[in-house]
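The values are calculated or read from the model by the stated rules, or taken from the named source; none is laboratory data. No experiment lies behind these values; they were computed from the predicted model shown. Glycine also receives a Cβ, built like all others from the backbone with ideal geometry; neighbour counts cover every protein chain displayed. For the accessible areas, the whole protein counts, side chains as well, though only heavy atoms, and no ligand, DNA or RNA atoms are used. Shrake-Rupley method; radii C 1.70, N 1.55, O 1.52, S 1.80 Å.
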Amino acid sequence: MLEVFSLSKTYAGGTKALDTINLEMRKGEITFLTGHSGSGKSTLLKIISGEESCSDGRVLFQGQCLTTMAARQWPKMRRKMGIISQDFKLLMHQNIRENISIPLEVVNTPRRIMRRRVDDMLEQVNLGAHAKKLPSQLSAGQRQRVVIARALINNPLIVLADEPTGHLDPKEGADIARLIEDMHQKGATILVATHDHQWPERIGQRPIYLHEGRILDNPVMRVG
Amino acid sequence: MLYFLNKAFASIRQRPGACLLASSTIGAALTLSALFFLSVNNVQALTAFWSKSTFISVELIDNLSQKEIEFLANDYQKMPEIKEAAIVTPEMAWARFKAKGPKSAALLEGLEPSILPTTIELFLDQTYPLEKIAELSQNMEASNHVRAVDYGQDEYGQLHELLDVLRRTSHVLGVLLSLMAAFIVANTIGVTIYSRQDEIEVMQRVGATPGFIRAPFLFEGGIWGLFGALMTISLLALADYFMTPHLSKILSPLLQGFRLEFIDVSGILWIGTFGILLGLSGSLFSVSKILGRKV
Ligand SMILES: Nc1ncnc2c1ncn2[C@@H]1O[C@H](COP(=O)(O)OP(=O)(O)OP(=O)(O)O)[C@@H](O)[C@H]1O
Ligand SMILES: [Mg+2]
């Protein structure tokens, strides 16, 4: 479903963030990206979601080449992706319900259906009691759950999650991790970037380890 | 459509300050421009007012017999442009001058009516441009019974050049002023919309098309423009109500019956249209600038 071929990215400042990355994901898989801060995890996710351009290589999603796709095709493509970014990008002037509804509004979902879907989603992420609050009135973990709810509301084909458990206390982090594992159990395809080495091991997954923009094949070579 | 309008109103409700700022900037720009164009309009109307006349006064030489005077008046009467030719004897002119007030009467103290010339006053059947009247007057002056012809050419001549300069510079000034107004409005709207970049980015992230993102901003810009136009119209109406009577009173001896022009229905429509256009184009420009960057 998702294929990355010798992808490289050099930022305008000259930082080589990604160096010939190869990656393949099948439908229903969960894949973990780990690595030190600055190893290029976010950059890889941003290129897949079209937020950044790449310098070299290709990304195929459902057989379509994302790296050469015309700009006007991106909106449609993004509707198939659930993006959970490090910067939450929540609308601070709108309440939780409204924030979660945005992806549905964009595709002109009828009000009645929208209400039901948002109610369901609020239940799933355990935010039912906070629907009318503004993001500024929530804790970091609750806000993270709003971002997850917004990413999932449209039943995306793939979820791109950047540090969904970062900056959270262990309990909240564990809650979010469970939420994402549940999504995987229900059949979602998920690519997660995380600092947490234990998380993939806990559920028997071998993470992809990024170091200075390269994938380290042998976990023994892990530095630090 | 309704959805976008709803969104625009919701956003205005969320940030009334931004709306007020954008609207009043548009309002100020419109008011400035409107005041400028009103002055230009009035100057132009004034020029037109002065450059047209319906009245010629023909001053005859002394010592013409009654018959000769009547003969001449008769001649004038037959001209197609002239509705009426009235003979004003020195005595009539004397009486008229005295009737103007005690000051005028005092001026005539110790003088005789016969120092005044006989004139024939010609009332034209309609207003004619100055050139036409000048031509008529020249023909009349050619007669050796006529000493001078007066149709206000002296007053007009003095003002003519001044008005001409004003009219020509007004075009340049008008363009400069409009550019300045557009620049300020674009900047204010730019800042207002820039502060909502996050909103645009979120919309892009969840797969909204550029058109979908732009629409509510356009509506909002239009609404700002409408508010701005309403402010301008109210300001001008207030100014008209409180100031025009005073201005007219001050200027009336100079203007002799000329009425100051103010905004009318078409002016209001123009202001409304320009306001909405300013708001629309300002927000279109700003949103497109943000959308143009790859996110
Ligand atoms: N917009 C940018 N312009 C220039 N350099 C950038 C930009 N974004 C990231 N970088 C650089 O690219 C490298 C990889 O950054 P990236 O954000 O992908 O790391 P990361 O693995 O997500 O780190 P973290 O775990 O802290 O989130 C870093 O050296 C960073 O400084
Ligand atoms: Mg990162």
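What the table shows:
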read-out	value
Estimated inter-spin distance, A:Asp217 and A:Thr10, nm [label 7 Å along Cα→Cβ]	2.5 nm
Whole-number accessible area per residue in Å² for the stretch A:1-156, which is evaluated in the context of all protein chains at 1.4 Å	46 Å²
Convex hull volume per residue in cubic angstrom - Cα atoms of the stretch A:92-156	77 Å³
Cβ-based net charge around B:Phe227, under 15 Å, with every Lys or Arg adding one and every Asp or Glu removing one	+1
In order through the stretch B:218-227: 3J(HN,Hα) via Karplus (6.51 cos²θ - 1.76 cosθ + 1.60), integer Hz, x for Gly, Pro	5, 4, 4, x, x, 5, 4, x, 5, 4
CD proxy at 222 nm, helix term only [per DSSP H run n ≥ 4: -39500 (n - 2.57); per residue of chain B; nearest 500]	-25000 deg cm²/dmol
Highest-fluctuation residue, A:Ser136, A:Ser85, A:Ser101 considered, GNM on chain A with Cα pairs under 10 Å	A:Ser136
Simple spin-label estimate for B:Asp240 and B:Arg15 in nanometres, 7 Å along Cα-Cβ	3.5 nm
Hydrodynamic radius (Kirkwood) for the stretch A:1-85, which is based on Cα pairs only, to one decimal in Å	13.4 Å
For chain B: Kirkwood Rh in Å [reciprocal of mean 1/r, alpha carbons]	24.3 Å
For the stretch A:1-155, alpha-carbon Rg relative to the globular expectation (2.2 N^0.38 Å, N residues)	1.15
Over the stretch B:68-218, equivalent-ellipsoid semi-axes from the Cα gyration tensor in Å	69, 21, 14
Distance cut-off 21 Å, percentage of C-alpha pairs in the stretch B:52-152 lying past it	38 percent
With every protein chain in place, the protein assembly as shown: carbon and sulfur % of accessible area (1.4 Å)	59 percent
Pairwise label distance in nanometres, B:Leu5 with B:Thr273, each label 7 Å out on the Cα-Cβ vector	2.2 nm
Members of A:Lys27/A:Lys76; B:Lys83/B:Lys132; A:Lys80/B:Lys7; B:Lys78/B:Lys132; A:Lys41/A:Lys89; A:Lys9/A:Lys186 lying beyond 22 Å, as alpha-carbon distances in this model show	A:Lys80/B:Lys7; A:Lys9/A:Lys186
Rounded FRET efficiency, nearest 0.05, which uses the C-beta distance separating B:Gln66 from B:Arg167 and R0 of 51 Å	0.60
Neighbouring partner chain Cβ atoms per residue of B:192-205, average, 10 Å criterion	4
Under 5 Å, built H, 5+ apart or other chain: amide partners of B:Thr118	B:Leu60
Average accessible surface area per residue within chain B, 1.4 Å rolling probe, Å²	57 Å²
For the stretch B:187-253: Kirkwood Rh in Å [reciprocal of mean 1/r, alpha carbons]	15.2 Å
Long-range HN-HN contacts of B:Tyr128 with modeled amide H, under 5 Å	B:Ser53
Choice from A:Gly38, A:Gly82, A:Gly50 with maximal GNM fluctuation in chain A (Cα, 10 Å cutoff)	A:Gly38
Accessible area buried, both sides summed, chains B and A with 1.4 Å probe, Å²	1900 Å²
Sites A:Glu29 and B:Phe183, calculated FRET efficiency, Cβ-Cβ separation with R0 56 Å, nearest 0.05	0.55
Accessible area, probe 1.4 Å, largest first, for residues B:Lys100, A:Lys16	B:Lys100, A:Lys16
Mean shadow area of the protein assembly as shown, taken as a quarter of the surface of its Cα convex hull (nm²)	37.8 nm²
Mean-position separation - Cα centroids, the stretch A:80-100 and the stretch A:41-61, in angstrom	21 Å
Heavy atoms of B:Trp224 accessible to a 1.4 Å probe, total area in Å² rounded to 10	0 Å²
Among B:Pro129, B:Pro16, B:Pro102, residue whose mean-square fluctuation peaks in a GNM of chain B (springs only between Cα atoms under 10 Å)	B:Pro102
Area of A:Lys27 that stays accessible when all protein chains are in place (1.4 Å probe, Å², to 10)	150 Å²
Helix axis angle, B:130-141 relative to chain B longest principal axis, alpha carbon, degrees	10 degrees
Reduction of at least 50 Å² in accessible surface, 1.4 Å probe, comparing all protein chains with the chain by itself, residues of the stretch A:73-96	A:Pro75, A:Arg78, A:Lys89, A:Leu91, A:His93
Signed unit charges on C-beta, dipole axis of chain A, positive-most listed residue A:Ala193, A:Ile47, A:Gly63	A:Gly63
